[in-house]
Amino acid sequence: MTSHAKASADLAIKKPSGIPGIHIVANFNVKSRSKLETFEAFRAFIQKETERFRLTSVGEVYHNFPNGGYTGVVCLTESHLSIHTWPENNYLTFDIFLSNYLNDNRPTTAQLYENVKRFFEATVVYEKILNR
């Protein structure tokens, strides 16, 4: 094993220290284009979700593209979530990372991620869960 490969293997098995959290990065296929064309329905949904989980939004930016699709980022005191959609391909990318000095937000991150999949009735194409 090369020294680079050994360093990578050691890094992969170390338990993360510090602030508990997971970062989920995913790509989805979606049957219905309607929730991918403009951000308004997703924005209303995610605002309710952040309130339900008592997360604190410190800002958000959304943009609808002229031919359909949108991008959005919600900055949270706990970290962030982001989305980008391609309705012409029934496709979206989504990521969420929550951390907190006082709480372990891993269960909240996982539940919010599942709720987003349900909202879009999505099928996972790619999913990566990173311990941070």
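Quick look at the values:
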{"read-out": "Region 34-61 residues that are over 14 Å from residue 79 (Cα atoms), paired with ones that are open to solvent by 50 Å² or more (accessible area, probe 1.4 Å) and among the acidic types (Asp, Glu) (beta carbon under 8 Å, 6 or more apart)", "value": "43/60"}
{"read-out": "Pair list, Cβ under 9 Å, 6 or more apart: region 102-125 residue at positive phi and touching a residue at least 24 places away in the same chain (Cβ under 8 Å), other residue of a type outside the set (A, V, I, L, M, F, W, C) and assigned to a helix (DSSP H, G or I)", "value": "121/35"}
{"read-out": "Meets criteria (part of a helix (DSSP H, G or I), modelled with pLDDT under 95 and farther than 14 Å from residue 132 by Cα) for residue 5", "value": "yes"}
{"read-out": "Test: residue in region 29-46 that is open to solvent by 30 Å² or more (accessible area, probe 1.4 Å), hydroxyl-bearing (Ser, Thr, Tyr) and in a strand (DSSP E or B)", "value": "no"}
{"read-out": "Some residue of region 15-23 being under 21 Å from residue 119 (Cα atoms) and at pLDDT 95 or above", "value": "no"}
{"read-out": "Strands (runs of 3 or more DSSP E) within region 48-132 that include 2 or more residues at pLDDT below 95 and open to solvent by 60 Å² or more (accessible area, probe 1.4 Å)", "value": "122-131"}
{"read-out": "Contacts under 7 angstrom Cβ, first residue in region 21-32 being over 10 Å from residue 96 (Cα atoms), partner hydrophobic (A, V, I, L, M, F, W, C) and outside any strand (DSSP E or B), 6 or more apart", "value": "28/120; 30/36; 30/120"}
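The values are calculated or read from the model by the stated rules, or taken from the named source; none is laboratory data. Keep in mind that this is a model prediction, so the values were computed, not measured. Don't worry about glycine lacking a Cβ; one is built from the backbone with ideal geometry, like all the others, and counts go over all protein chains shown. Just so you know, the surface numbers come from the protein's heavy atoms only, side chains and all, with ligands and any DNA or RNA stripped out. Shrake-Rupley method; radii C 1.70, N 1.55, O 1.52, S 1.80 Å.
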